[in-house]
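The values are calculated or read from the model by the stated rules, or taken from the named source; none is laboratory data. Model, not experiment: these values are computed from the prediction. Here the Cβ positions follow ideal geometry from the backbone for every residue, glycine too, while neighbour counts run over all protein chains shown. These accessible areas exclude ligands, DNA and RNA; they are computed on the full protein's heavy atoms, side chains included. Shrake-Rupley method; radii C 1.70, N 1.55, O 1.52, S 1.80 Å.
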6 protein chains.
Amino acid sequence: MKLLVINPNISGDVTDLIESEARRSIRSGTELTMATAPFGVAYIETRAEAQIGGYAAMQIAAECHADHDAVVVAAFGDPGLSALREILRIPVVGMTEAALVSACQVGSRFSVIAISQRIQAWYRETIAACGFSDRLASIRALDEPLAHIGRIQEDQGERLVALAERAVQDDGADVLILAGAPLAGLARSVASRLPVPALDGVTCALHQAQALVDLGAAPPTAGSFALPPEKPCKGLPVALARLVGRDIARSVTPVG
Amino acid sequence: MKLLVINPNISGDVTDLIESEARRSIRSGTELTMATAPFGVAYIETRAEAQIGGYAAMQIAAECHADHDAVVVAAFGDPGLSALREILRIPVVGMTEAALVSACQVGSRFSVIAISQRIQAWYRETIAACGFSDRLASIRALDEPLAHIGRIQEDQGERLVALAERAVQDDGADVLILAGAPLAGLARSVASRLPVPALDGVTCALHQAQALVDLGAAPPTAGSFALPPEKPCKGLPVALARLVGRDIARSVTPVG
Amino acid sequence: MKLLVINPNISGDVTDLIESEARRSIRSGTELTMATAPFGVAYIETRAEAQIGGYAAMQIAAECHADHDAVVVAAFGDPGLSALREILRIPVVGMTEAALVSACQVGSRFSVIAISQRIQAWYRETIAACGFSDRLASIRALDEPLAHIGRIQEDQGERLVALAERAVQDDGADVLILAGAPLAGLARSVASRLPVPALDGVTCALHQAQALVDLGAAPPTAGSFALPPEKPCKGLPVALARLVGRDIARSVTPVG
Amino acid sequence: MKLLVINPNISGDVTDLIESEARRSIRSGTELTMATAPFGVAYIETRAEAQIGGYAAMQIAAECHADHDAVVVAAFGDPGLSALREILRIPVVGMTEAALVSACQVGSRFSVIAISQRIQAWYRETIAACGFSDRLASIRALDEPLAHIGRIQEDQGERLVALAERAVQDDGADVLILAGAPLAGLARSVASRLPVPALDGVTCALHQAQALVDLGAAPPTAGSFALPPEKPCKGLPVALARLVGRDIARSVTPVG
Amino acid sequence: MKLLVINPNISGDVTDLIESEARRSIRSGTELTMATAPFGVAYIETRAEAQIGGYAAMQIAAECHADHDAVVVAAFGDPGLSALREILRIPVVGMTEAALVSACQVGSRFSVIAISQRIQAWYRETIAACGFSDRLASIRALDEPLAHIGRIQEDQGERLVALAERAVQDDGADVLILAGAPLAGLARSVASRLPVPALDGVTCALHQAQALVDLGAAPPTAGSFALPPEKPCKGLPVALARLVGRDIARSVTPVG
Amino acid sequence: MKLLVINPNISGDVTDLIESEARRSIRSGTELTMATAPFGVAYIETRAEAQIGGYAAMQIAAECHADHDAVVVAAFGDPGLSALREILRIPVVGMTEAALVSACQVGSRFSVIAISQRIQAWYRETIAACGFSDRLASIRALDEPLAHIGRIQEDQGERLVALAERAVQDDGADVLILAGAPLAGLARSVASRLPVPALDGVTCALHQAQALVDLGAAPPTAGSFALPPEKPCKGLPVALARLVGRDIARSVTPVG
């Protein structure tokens, strides 16, 4: 099984974190291709950054998905997730959605531990769009400037654990989601200190990707995830144009 | 990995169907223990039957879960699912919930194809309790007496496919869930005739069980899925009394 | 009018509390039959215990309902309520549901005062299943070990009143539900100290049972509360087997 | 026990229908005072008419509630219901709410049978405001001009039964609410022809009123149903001014 | 363009506040007619007062709307709003609804700053009825007796600003609604001190009224906002009787 | 007042339609700048196309918004809307949201008339994300291949009117939204043939944009629509990089 893992942001060190945790998670025999966004921002905190990251994910997926069995979008908030599901004919998994469906099978209500105050609105809206608002006990977030996105766990580990403990104690969380690719691996390293299961988005995403590949469901030819109806397009990167507008000659000038 | 698969009903031939499909689904190295309810009804169509089946599932799980890595409740409607999650310290997966979380990662809205008119209310309430009502496009069900619960696929296969087609065409389903243990395997056998992915509850449950075991989250010592507080009990089967009331001598008379 | 009041738990002293309060509530001419579960736990705090209590309630009801005009399930959380409604042809009332529908006719938002921290998740899910989550102002609960389930009112009365006051002051409750059979009678004894109406589940249940008997609606022969379709069953107590599987000879061995 | 039954509309013959059915429903010892709106419309089909009827109900209640134990608002849609609950210190029951809480204790989903197409929007919004939308299977309504509001049952009885049958068959109703004061008594007269329980709003309201009086909850001095804070008022009928603005001399000119 | 602005309460000084702020908001060429309720209360805090104010708004609108292009109901809680929309053939705008739709186009979640503790329940129910509960971050309210309804801004300005700041800081509000006609103009005067947009209900209502007049949609002849079906009425003020019961001679005695 | 109207798609003839209808709608003194996406697809039917269009809208807005008072995103589905609201300091209006808030002030429930079967899922999800699902009576859509996106009104006008009539008659719509920029102007041309108000998204958006500019709310410095926290970015067009990553030298290579 071969999985394409997309970091929709430009931070190579976060891609390394994701890869490191992903390699611990996968079954033997599963291969990974890692991809980092060629354009965009360091990490996604806002709707605007998610809009950029989602488009970056589409470009990467269009260019790199061939010969893979599934795609993982490795940023919390799942930028571009449903767009990718429409244009690819293989399973596409998002970190948030995978963590949510895992959390729901482990407990009733979950809390999300996040890296910044600002990021909470975007997380809340993502969780709502996935349909899990009723099970959200709380989002608790760091309230410190992030000196280095690739080193949050070292810099803020204790604070993150303290937020997690309060989510269980005060908010009634049955499960914790330590959210965001920059926290990849933290759930594992602090699990023994927390009184409820702590989930890692990257790990959940990899396991769900494997499960969906195993499931082997055929891609749809009807419904809202059939390929988009063909239509004129222009100015899209060639690989993306092939998927969206498909055989249309106009689509060759890379503009973006 | 060793999984305990519980049929909370008394139909041995349905257990065989479940086992047959489960064995196709699991990874090499995964072992299965099958268990059939010693008391109860032939299959669950109603809340009353689910109440009985849920209690049967608790008894079976209490007696048989030792040495297993996860438990699968193999009846649509997931009788006893959250009860089992409270008293066992290993992952517990339900057919319905597993199918729902799989469906959500494949499409936006799903339809459920069911074996009888009466069963629809129970399914609708289960889906609501899982929190997925907003994504339910429709439930469509057979309207024929069920001559033999172990042979519905042979007897009613064409009718079931026709219901599935209407769910896609008229109700806007992106995904189909062919629901109920008696339909185990049908999704696979008719997949090529359906225009959207068709999911089998047994298969989804097995894949989710493997994913949750792989995830390896520690059991909770806080929150609403920690072990129930100890309290007096009586008249419960010994194995169950040990889990629920734990060390209490009074609990030895098997009454039921 | 003759009402069967079922305590789905094994605590005889709680049954006594229920009976005492019930006898104050009923109209002259209403007769009560009290029944205590022959198996199960001392009181229900969790989903697992409710699953057991629900099955116990089914057995008691099957054995004892004859010659009664209605059944009351006298445990908060209403274990087995909808199951009983399917198999009996007389009204079945639950303490929680009766308290909720009464509360809604008295105010807009209600708070529930509960006997333990752990019980809150189960109460929250019951209220959600009844469809009243939007009107729930808060659940506030004791945070002390319960020395003796039959003497909570004496031991914790002041703490319970303090919780109730905070629910009104801080959470915006228009009505209070003092929840759980072990609190039967407390609403009456502390009413004069509380600034909003305080409801007792047992009392509400008795009044609703009388109202439903007076209403005299015919039992359904269609819809999801018609009798479950006949099907094979085995290993059920005889009385229950008659209701669920009805005329099937196989159902005679009492196993449970 | 003495109940004030308010018809918030001007139709004396509908008041007679209500009274006739109410007298069949009440327990011996319960007395009724009937009141018909001195101003307003013949029956309520719209939000505008409900706004008028609600104000009429306030005036009648203010003038007539003394010496009564509870008030019943006897028009579907419950015009003025929560307003009355704020200004009176006795229980106030609405036909719709009483029918809804009764229906919920009899089945899971209900349908409403209504007297005109136009009335459906107002009913739907009332049910939503009561918080029961999720349990509404359907509203089905006559599509004929109403020649005489006091004789709908005679004129349209068969059509109403046919609508009820379709609600059970096609919409999945477990219970039927035959809605609107002009249908008072119909549930009783056609019950034997319908396969699920059929509820009469007047009867439900009377039974709930008796249950709430029996419950004897003290009126609130806090929360949102305490008496409205005193404030200047003018131009209100004296009795209403006393309740709303209380001791304010300015309130004496009856203007309306 | 000519707009009728109705204060459904009797406070002339609040009407002056509304007018003053309205005149700052309107475009040149827009004319205003101000109307104050001839009967009712000083300001609306409760459901009961809203019921009265809504009926007063209907009477004023019936008498004064001729020759106007739209009507504005200038009390938070929008008393009578949907009733007016049914009986008038010109746009009708409510302060609350206009503020809510404006807030939603400026941010994701909003808080409401209110003048009294008691008023919160009525505001919460209004926001729910408008369908915006999910976007409500909080309601924060003064907890002081209101000495003079026309001078709250002077008396309580600093406290209101402090509440607004907490709503942003602690509750996650993206937008603030300074609610209630007595606060007309406050948003403008304190805007520079608040870190998120602060909306004034009167101003929002005037702008939405102008936008709806510009939109020029034809009044409905079908659906639930077509004119109510003609029916007998009596005792209504002549102008209102003409709109509700229309040509019916009985409707001439002004009673109210 | 100067408004930037962005067509996030590449169809110049649709931009012309939008402009033509927009010029009819605006007040004298309002100036328009029209912009068409330099890359993307002909029109948006799917989530994938919306992801592309949203990014295109961000690029256009970044480059062209200077000296404008507000921005209008002129495609149904509002691609990029909340992203733009985060990075611009002027009001941003979306066609869908503007139509929805207008519809809600005109009636209670609305139907959307759409140009293709496939587009319905994307519309439904947009309406849900805006929070208006409960008011959606139906979406009805053409089921014909679209020969020329700029000429749908001529080619399919009668079919669209027929769909609208069915939405009123069968689905209970109080208001119609004729959705999608390619239908700009249709509401006006067919209004007289429809029994309920028919809204045009472009017109609604222009009126809301004017209203929001008139409202003059200050841009936020807190909350989730303050400018995104500064962070490294790369590969973004210069104008967009300035808004998102702001002063970062790395952001100069246009990649996209």
A careful count of residues in segment B:181-195 that are facing chain A (nearest Cβ under 9 Å) and either within 24 Å of B:PRO8 (Cβ to Cβ) or not in a helix (DSSP H, G or I) (or both) gives 4
Going through segment F:22-53 in order, the residues found to be outside any loop (DSSP other than H, G, I, E, B), closer than 15 Å to A:GLY235 by Cβ and open to solvent by less than 20 Å² (accessible area, probe 1.4 Å) are F:ALA35, F:GLY40, F:VAL41, F:GLU49, F:ILE52, F:GLY53
In segment A:64-91, anything within 13 Å of chain F (Cβ to nearest Cβ) and assigned to a helix (DSSP H, G or I) is listed as A:LEU81, A:SER82, A:ALA83, A:LEU84, A:ARG85, A:GLU86, A:ILE87
D:THR203: passes all of (1) more than 14 Å from chain C (Cβ to nearest Cβ); (2) assigned to a helix (DSSP H, G or I); (3) β-branched (Val, Ile, Thr) but (1)
Do we find that A:LEU84 is closer than 24 Å to E:PHE110 by Cβ and either among the hydroxyl-bearing types (Ser, Thr, Tyr) or out of contact with any Phe, Trp or Tyr (no Cβ under 6 Å at 6 or more places or on another chain) (or both) in this structure?
no
Filtering segment F:105-120 down to residues that are in contact (Cβ under 8 Å) with a residue 40 or more places away in the chain and farther than 29 Å from E:ASP78 by Cα yields F:ILE113, F:ALA114, F:ILE115, F:SER116, F:ARG118, F:ILE119
Worksheet item: Within the bounds of segment C:124-141, is there any residue that is facing chain B (nearest Cβ under 8 Å), open to solvent by less than 30 Å² (accessible area, probe 1.4 Å) and not basic (Lys, Arg)?
Response: no
Quick check on B:GLY157: is it in contact with a Cys (Cβ under 9 Å, 6 or more places away or on another chain) and either more than 14 Å from chain C (Cβ to nearest Cβ) or touching a residue at least 40 places away in the same chain (Cβ under 8 Å) (or both)? no
Condition (residue is surrounded by 16 or more Cβ atoms within 10 Å (Cβ to Cβ), farther than 16 Å from F:SER102 by Cβ, of a type in the set (Asp, Glu) and away from chain A (no Cβ under 14 Å)) applied to segment F:165-180: is it met by at least one residue? yes
Margin query: Being assigned by TED's automatic domain parsing to the domain that holds B:LEU88, at positive phi and out of contact with any helix residue (DSSP H, G or I) (no Cβ under 8 Å at 6 or more places or on another chain) is the requirement here; does B:GLY223 meet it?
Written below: no
> Taking the condition on the phi < 0 side of the Ramachandran plot, assigned to a helix (DSSP H, G or I) and over 22 Å from the mean Cα position of the chain (by Cα), does A:ASP155 pass?
Replying inline: yes
Of the listed residues (D:LEU215, D:LEU199), the one being of a type in the set (A, V, I, L, M) and within 28 Å of D:ALA50 (Cα to Cα) is D:LEU199
Checking C:ILE44, C:ILE6, C:ILE10 in turn, the sole residue that is of a type outside the set (S, T, N, Q) and within 20 Å of C:GLN210 (Cα to Cα) turns out to be C:ILE6
Scanning segment E:1-35 residue by residue, the ones that are over 17 Å from E:VAL93 (Cα atoms), of a type in the set (Asp, Glu) and in contact with a strand residue (DSSP E or B) (Cβ under 9 Å, 6 or more places away or on another chain) total 1
Expected single match for surrounded by fewer than 23 Cβ atoms within 10 Å (Cβ to Cβ), outside the structural domain of C:ASN9 (by TED's automatic domain parsing) and either assigned to a helix (DSSP H, G or I) or hydroxyl-bearing (Ser, Thr, Tyr) (or both) among C:SER116, C:SER102, C:SER111 is C:SER116
Across (1) small (Gly, Ala, Ser); (2) more than 12 Å from chain E (Cβ to nearest Cβ); (3) within 11 Å of the chain's Cα centre (by Cα), F:ALA99 clears everything bar (2)
Residues in segment F:45-59 that are more than 7 Å from chain A (Cβ to nearest Cβ), of a type in the set (A, V, I, L, M, F, W, C) and more than 11 Å from A:GLY80 (Cα to Cα) total 2
The residue from E:ILE10, E:ILE90, E:ILE6, E:ILE18 that alone is in contact (Cβ under 8 Å) with a residue 40 or more places away in the chain and open to solvent by 10 Å² or more (accessible area, probe 1.4 Å) is E:ILE90
Per the list (1) open to solvent by 20 Å² or more (accessible area, probe 1.4 Å); (2) farther than 30 Å from B:ARG118 by Cα, residue check on D:ALA241 breaks on (1)
The residue that is surrounded by the fewest Cβ atoms within 10 Å (Cβ to Cβ), considering only those in segment D:143-164 that are of a type in the set (Gly, Ala, Ser) and over 26 Å from B:ASP143 (Cβ atoms), is D:ALA147
Note on segment B:97-125: residues touching a Gly at 6+ places or on another chain (Cβ under 6 Å) and under 21 Å from C:ALA129 (Cβ atoms) are B:ALA99, B:TRP122
Picked from segment F:214-238 (must be within 14 Å of chain A (Cβ to nearest Cβ), assigned to a loop (DSSP other than H, G, I, E, B) and surrounded by fewer than 20 Cβ atoms within 10 Å (Cβ to Cβ)), the residue modelled with the lowest pLDDT is F:GLU230
If you go through D:ALA147, D:ALA211, D:ALA198, the only one that is within 14 Å of chain E (Cβ to nearest Cβ) and without any contact (Cβ under 8 Å) to a residue 60 or more places away in the chain is D:ALA147
| Just a yes or no: is a residue in segment C:54-61 surrounded by 24 or more Cβ atoms within 10 Å (Cβ to Cβ), assigned to a strand (DSSP E or B) and either not assigned by TED's automatic domain parsing to the domain that holds C:GLN153 or not charged (D, E, K, R) (or both)? | no
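Residue by residue, here is whether (1) of a type in the set (A, V, I, L, M, F, W, C); (2) within 28 Å of F:ALA56 (Cα to Cα) holds:
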| residue | (1), (2) |
| --- | --- |
| A:PHE132 | yes, no |
| A:GLY150 | no, no |
| A:ARG188 | no, no |
| A:ARG242 | no, yes |
